[in-house]
1. Regarding the stretch 158-170, can at least one residue be identified that is over 21 Å from the mean Cα position of the chain (by Cα) and either closer than 17 Å to residue 15 by Cβ or in contact (Cβ under 8 Å) with a residue 12 or more places away in the chain (or both)?
2. May I ask you to list the residues in the stretch 1-49 that are away from the ligand (no atom under 16 Å from the Cβ) and touching a Pro at 6+ places or on another chain (Cβ under 9 Å)?
3. Hey, does the stretch 146-156 have a residue that's farther than 30 Å from residue 54 by Cβ, part of a strand (DSSP E or B) and away from the ligand (no atom under 16 Å from the Cβ)?
4. Mind listing whichever residues of the stretch 52-94 are part of a helix (DSSP H, G or I), within 25 Å of residue 315 (Cβ to Cβ) and either among the small types (Gly, Ala, Ser) or not assigned by TED's automatic domain parsing to the domain that holds residue 36 (or both)?
5. Being surrounded by fewer than 19 Cβ atoms within 10 Å (Cβ to Cβ) and either among the aliphatic types (A, V, I, L, M) or in contact with a Leu (Cβ under 8 Å, 6 or more places away or on another chain) (or both) is the filter here, so list the residues in the stretch 69-87 that pass it.
6. Tally up the residues in the stretch 243-294 that are of a type in the set (Ser, Thr, Tyr), free of Cβ contacts under 8 Å to residues at least 60 places away in the same chain and in contact with a helix residue (DSSP H, G or I) (Cβ under 8 Å, 6 or more places away or on another chain), please.
7. Suppose we keep only residues that are out of contact with any Ser or Thr (no Cβ under 8 Å at 6 or more places or on another chain) and in a helix (DSSP H, G or I) within the stretch 127-145. Which one would you say is farthest from the ligand (Cβ to nearest atom)?
8. Residue 16: in contact (Cβ under 8 Å) with a residue 12 or more places away in the chain, under 28 Å from residue 254 (Cβ atoms) and outside the structural domain of residue 186 (by TED's automatic domain parsing), yes or no?
Amino acid sequence: MTVLKTARVRVPASTANLGPGFDTLGMALSLYAWIELKEAEQTAFHLYGDEMNGVPQDKTNLIYKVAQMVFQEAGVSVPELDISMYSDIPLTRGLGSSASAIVGALVAANTMIGSPLPASKLFDMATAIEKHPDNVGASLFGGIITAVWDGDHAKHIRIEPDANLEAIVVIPEFQLSTSKAREVLPAQVSLKDAVYNVSHASMLVAALASGRTELIAEAMRDRLHQPYRAELVPGMTEILENAHHHGALGVALSGAGPTLLALSDRRENRKAELERYLTETMSKQDIQASVLKLHPESEGVKVYTEGDTIPFVDMIKGELVK
Ligand code: HSE
């Protein structure tokens, strides 16, 4: 009997930049996508969940294309794939949905063929596809990552998130593509603003690594991208200036936006006030937004070793009620 190759993975969402760490810092979040790849006679797609609407179901599909890159790199041929995916990560909102698809496809494809490629190679490939290492690094390794990318190779250091750290995300109803949010950025910045960001990003990494959460509000300030992106996200400037008066440890645009990320302490007793402040500020700007209370996810992409004994959808239902 031929044993068909198969793999299942769970990938966390991510928030990039954390304010000043533009294209550098990322944090995995407790919101997930699941992907299953199976060798097949003919390529087929089974996409579940509202976030999958409009996703291509042919060989132009990102998961299919990324999986083929892994097979090519490893020198094996698996031309036809049965692809299943379920995702709770909203598309084009700044929560790393495309990074999660890329990382999930890379790791699932590599697992299917016996994991010939090391994680460092998968990180290089993910970064080359996504063009920056922050979201893909967080989804791949979990926790908080600080990364460098020289155009060929990505390197990272992972920081274990403080156990009391929570992440409240305010997700506006409208979508904002990363390309549009990068177009508004200037090609050059002043030395003063560059120094501002180097100092704040360095302080933020040190604060996160040492548990000095009282420094986060100041350290999360940014002058490289948020001021330029503010015009694309009504309510953002007000929230960046004032959320810490309502119980946030710090606040930032999540990745390229339009989602805003507020970090808070699990023991903070003003969380209801913070949530109300965030949604009311958006609604004053006529922006419908939903709030999710998440936490940093320590685990990066998870490979299921039990194979496909339980049907894909049943396995996810089981995980969602946990
Ligand atoms: N660092 C990227 C940006 C994240 O801010 O444009 C978006 O994917």
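1. No, there is no match, as no residue in the stretch 158-170 is over 21 Å from the mean Cα position of the chain (by Cα) and either closer than 17 Å to residue 15 by Cβ or in contact (Cβ under 8 Å) with a residue 12 or more places away in the chain (or both).
2. Listed by number, the residues that qualify are 30, 32, 43, 45.
3. Yes: the stretch 146-156 contains one or more residues that are farther than 30 Å from residue 54 by Cβ, part of a strand (DSSP E or B) and away from the ligand (no atom under 16 Å from the Cβ).
4. 67
5. Hits for the stretch 69-87 are 69, 73, 74, 76, 82.
6. Final tally of qualifying residues: 2.
7. 141
8. The answer is yes for residue 16.
The values are calculated or read from the model by the stated rules, or taken from the named source; none is laboratory data. Remember, it's a predicted structure, so these values are computed and weren't measured experimentally. FYI the Cβ positions are ideal-geometry reconstructions off the backbone, even for glycines, and counts take in every protein chain you see.
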